[in-house]
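Notes follow the structure.
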Amino acid sequence: MHEKMKGDMEASLAPTLGDPAIQCRDVCRSYGKLKVLNNLNLTVPQGQIYGLLGPSGCGKTTMLKCIVGTLTISHGHISVLGKPPAFPGHGVPGRMVGYMPQELALYNEFTISNTLYFYGRIHGLTLRETQARINFLVEFLDLPQKDRLVRNLSGGQKRRVSLAAALLQNPELLILDEPTVGVDPVLRAKIWQHLVDIVKTGKVSVIITTHYIEEARQANVVGLMRNGCLLAEGTPEAVMKMQNSTTLEHAFLQLCETSDQTSVKQSSASQDDVLGNSQSFESGRDESQPILNNVTKTPLEVVTHTVDWKTRVRHVIPKWRNITALTVKTLLRMKRMPGAICFQFLLPVIQMSLICLCVGGDPKGIQVAVVNNETSPLAFSQSLLSFLDNSSVEQVNLPHTEAFQGIYDGKYWAVIGFDQNFSNCIMKRMLMKNVSKEVIDGGSVHVWLDQTNTQIAMILQKKLYAAFQDFVEAKLGSMSYKYALPIKYEEAIYGSQNIDFTTFVMPGAVLSITFYLALGLTALSFVLERKEGLLDRCWVAGVSSLETMLAHLFSQLFVISVQIVLMLLFVLLVFKMPNEGSLVLIVLLIVLQGITGISFGLVISAAIDDEQNANQAALGIFYPNLIMSGIIWPVESIPYPLRYLSLALPQTYASQALRCIMYRGWDLTHMMVWRGFVVTLGWNTFFIVVATLILKLRK
């Protein structure tokens, strides 16, 4: 039987045109403990159509990603058009390969024309070349009008646009992952006829996966794949002849059954030494080797290709052509979502307006109960209460019992009490040198506070102190200094005596809002593009990870620049926040903090695949950073073990630097200012390097 099989294999051999287009030897690819590709051997002849067949989950898509260089293999060797994928100076990934992924991988905000022009720019086509190819592909694939938005197309139309993007640059190697799913039979036949036509010259090779096994009979060679390895590889006729089948699907089914039987026999006889020497397919065939082959299986020589330093440098240095195309792509997507982009521009303004309006101001309508036991209308108690700020404090005169019951019930924030001899006692305290404890107590204002809200309690104390000072000045005139506190506040060195909590919070809030909006926007958009297959498609087209990140930086930089300008206009002109420093330094520091947010968003999106988890990761760092960066409370109040961690956060020194610029008028000659810039730049560099490494390691 073995000799007969060998004879049939030799009879089925077809001539090849030069070296194989793709050659894989002993290729393995694992995800953790899951082995997706198991010592796979595959050969795609030059200038032929190779149909890769197999059920979902057998490793077809993983194999294709390894071939185009977006995934690295765990073991083995791959040669694509003469060189390993991703080799410096090689066009794979790049212009030499056209790739249609299983996902649609299209930008829904683009028109058909935008989509094809985008990939044309990445491949380096001129406008005339791109336009000529677009005209041909629109007619050939029966595409709708070029100005139709992708989101408005049907599923079949979207798949045809995806195929057009793969055919755009006339690649030498065309890799199509399920291109005919959802396509009507007439167009499916037309696509196959086009594939047959383009390989006739021998310069174009095609590898195509499909669920429609019978349509693969039009391929020159088929590979039947299961459980990460090839069961058979050869011409469709040879595969059917070997299994005595009239259909390719039936032959594949028989191969699967034979493979299952072999696995059972191998498992039951795993300790039998004879198994290792058996030449019978039924008893001991190595499943990593296909039973048929229509090309000569010469071992893949691992050739050490030399690359001159200029080629290596060009391979590493980002291409501005790709960066520009990706940046324009992002801005165009924003343009097609005017409501969303307007919301992004105005959101920082809304947030800063709410902070300026709601934080740090004096509370209004604070109700306090007044228990005044003095009955005379000329009593000092009434005069003192008249100096209390009535815009903030609402006085409610009540008997003793009702007043205290009200504060116990939460109706009032304080109880202010006066004894019936308050006026006489306070006069004695002012005029007499020696007074009794009873006189001191009778001439005092008694206050019971609800301290559950510290801010309101502190403001009430401040208002009562100011009212008493005004009362003393009104009654004693030039002699009032005798009864003032022996502490004199001179003119402030920086700021003013009337500075409020809003002024303290505002610099840190500006940096925090810029940082987190940039972080959230970048993390989510990056994750969504990868989830939809858009990033993979760009990488196959020749875009590097660094170019992708730089394009995101530039496009998001435009957004945060508009946000910063609008935010500063409101903060400085509408809410009159003080500023004594350079606007250039202020804008530069805020922009750098926005870039830090973008960079950190790239790290999250590079490490996390799901948008919900990415969003949770971004939110998870929000409150710790807000609390520990000295934005809402001074860093000096943090205990020392945590303070060291606080000083290492991206916004701690930056917030201090912005306060020094705005309120002290300092420049870069002061350490507290340049330290904020240096730390911010350090975090930017660190995040970009980490994101780049993660993307490379995950390939």
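The values are calculated or read from the model by the stated rules, or taken from the named source; none is laboratory data. Keep in mind the model is a prediction, meaning the values are calculated, not measured. Cβ: placed from backbone, ideal geometry, glycine included. Neighbour counts: every protein chain shown.
Some points to look at:
- Here the condition is being in contact with a Gly (Cβ under 7 Å, 6 or more places away or on another chain) and among the hydroxyl-bearing types (Ser, Thr, Tyr); of Tyr119, Tyr50, Tyr107, it holds for Tyr50 alone.
- Extreme residue, surrounded by the most Cβ atoms within 10 Å (Cβ to Cβ), among residues of region 222-236 that are out of contact with any helix residue (DSSP H, G or I) (no Cβ under 8 Å at 6 or more places or on another chain) and farther than 13 Å from Asn39 by Cβ: Gly223
- Given (1) closer than 20 Å to Gly360 by Cβ; (2) modelled with pLDDT under 85, number of the condition Ser480 does not satisfy: (1)
- Selection status of Ala251, assigned to a helix (DSSP H, G or I), crowded, with 18+ Cβ neighbours inside 10 Å, in contact (Cβ under 8 Å) with a residue 60 or more places away in the chain and not charged (D, E, K, R): no
- Meeting the requirement of 1 or more residues that are over 25 Å from Thr502 (Cα atoms), touching a residue at least 40 places away in the same chain (Cβ under 8 Å) and within 15 Å of the chain's Cα centre (by Cα), the helices (runs of 4 or more DSSP H) wholly within region 592-699 are 611-620, 671-697.
- Asn220 among the polar types (S, T, N, Q), modelled with pLDDT of 90 or more and not assigned by TED's automatic domain parsing to the domain that holds Lys35: no
- Subset of region 541-565 that is touching a helix residue (DSSP H, G or I) at 6+ places or on another chain (Cβ under 6 Å) and part of a loop (DSSP other than H, G, I, E, B) - its residue that is farthest from Ala340 (Cα to Cα): Ala541
- Subset of region 566-587 (residues that are exposed (fewer than 14 other Cβ atoms within 10 Å of the Cβ) and assigned to a helix (DSSP H, G or I)): Leu569, Leu573, Val574, Leu583, Val584
- Put simply, of Val678, Val635 the only residue that is modelled with pLDDT of 95 or more and farther than 16 Å from Ala518 by Cα is Val678.
- Test: Thr115 is out of contact with any strand residue (DSSP E or B) (no Cβ under 9 Å at 6 or more places or on another chain) and of a type in the set (Ser, Thr, Tyr): yes
- Subset of region 342-389 [more than 40 Å from the chain's Cα centre (by Cα), surrounded by 19 or more Cβ atoms within 10 Å (Cβ to Cβ) and part of a helix (DSSP H, G or I)]: Phe380, Ser381, Leu384, Leu385
- Screening region 668-692 for residues that are buried (at least 18 other Cβ atoms within 10 Å of the Cβ) and hydrophobic (A, V, I, L, M, F, W, C) and picking the one that is farthest from Ser629 (Cα to Cα) gives Ala691.
- Criterion applied to Ile198, Ile208, Ile213 was being modelled with pLDDT under 85 and among the β-branched types (Val, Ile, Thr), and the one residue passing it is Ile213.
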